[in-house]
1. Please verify whether ASN57 is modelled with pLDDT of 95 or more, touching a Phe, Trp or Tyr at 6+ places or on another chain (Cβ under 9 Å) and closer than 17 Å to ALA198 by Cα, treating the condition exactly as stated.
2. Search the stretch 122-139 for residues being farther than 17 Å from SER72 by Cα and open to solvent by 40 Å² or more (accessible area, probe 1.4 Å), and hand back the single one that is nearest to the chain's Cα centre (by Cα).
3. Considering only residues that are within 17 Å of THR168 (Cβ to Cβ) and of a type in the set (A, V, I, L, M), which ones fall in the stretch 37-80?
4. Take the residues in the stretch 31-87 that are among the hydrophobic types (A, V, I, L, M, F, W, C) and open to solvent by 30 Å² or more (accessible area, probe 1.4 Å); name whichever of them is nearest to LEU113 (Cα to Cα).
5. So VAL62 fits all but one of (1) farther than 13 Å from ALA198 by Cα; (2) at pLDDT 95 or above; what number is the exception?
Amino acid sequence: MIGMAAVALPLSSQAAVIAWGSPTNITAASNIDSSGLLNIAGANFGITTGATTVVNNGLVDVEFKSLQSGQSETLSNGITVSADSIWANWGPNDENSDLAGAFGTVLDSNLGLENQDTLSATITLSDLDIGTEYRIQFFAGATDDVPMAISGSGDLNPDTGTNGQFVTGTFTADATSQVLTVIGTGTGAETDFIVANALTIGEVIPEPSAALLSGLGLLGLLRRRR
């Protein structure tokens, strides 16, 4: 009944380029990547706006705040996530995830769009800090074989897993907001659905600058000379 979605960047000078990794099967809460982040928080799409679900990924507790079509929610790390009003709220319906526990609860609801001439809807990230690098993960659960692709990466194959797939991307904000456009990529009857289950975002810990490393090296040299 429910298909999956593709996330692509709109062709706009306002959007930073996102470097996506390869699509990966959703298998467990440990798929949520918190390593190297100053903070991480999640959006849970498709159920009553403002509800909170905490998922432990084996390292940290990640708080997911829910939002519905046409709504916005500010996450625990201060980033606001907004859903296009064209979305429909699908779930919870007990068929989007076989995972037990809190992460299964998060994946068991979504925003969806079906049977439209043009399948396209957006999710907007706001209150970003310009010049800051962010890592995002987009989770899409499915029960049907609906082809999808994410801009700049290979095709997503929902039939390869029972809980759908996710993809991880990084970008450096060049504006205070970033728009993600969700599109279908199938042909014929396979374009019936797009869907978005959940999203995480966190600020990447900056690597030491070359200047700082150089300064530390010079300090070490001066100490040795003493």
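1. yes
2. The extreme case among them is GLU133.
3. Within the stretch 37-80, LEU37, LEU38, ILE40, ALA41, ALA43, VAL55, LEU59, VAL60, VAL62, ILE79 qualify.
4. ILE86
5. All conditions are met except number (1).
The values are calculated or read from the model by the stated rules, or taken from the named source; none is laboratory data. From a predicted model like this one, the values you see are computed outputs, not experimental measurements. As a convention, Cβ positions derive from the backbone with ideal geometry for all residues, glycine included, and neighbour counts pool all protein chains shown. Heads up: the accessible areas ignore ligands, DNA and RNA and are worked out on the full protein's heavy atoms, side chains in. Shrake-Rupley method; radii C 1.70, N 1.55, O 1.52, S 1.80 Å.
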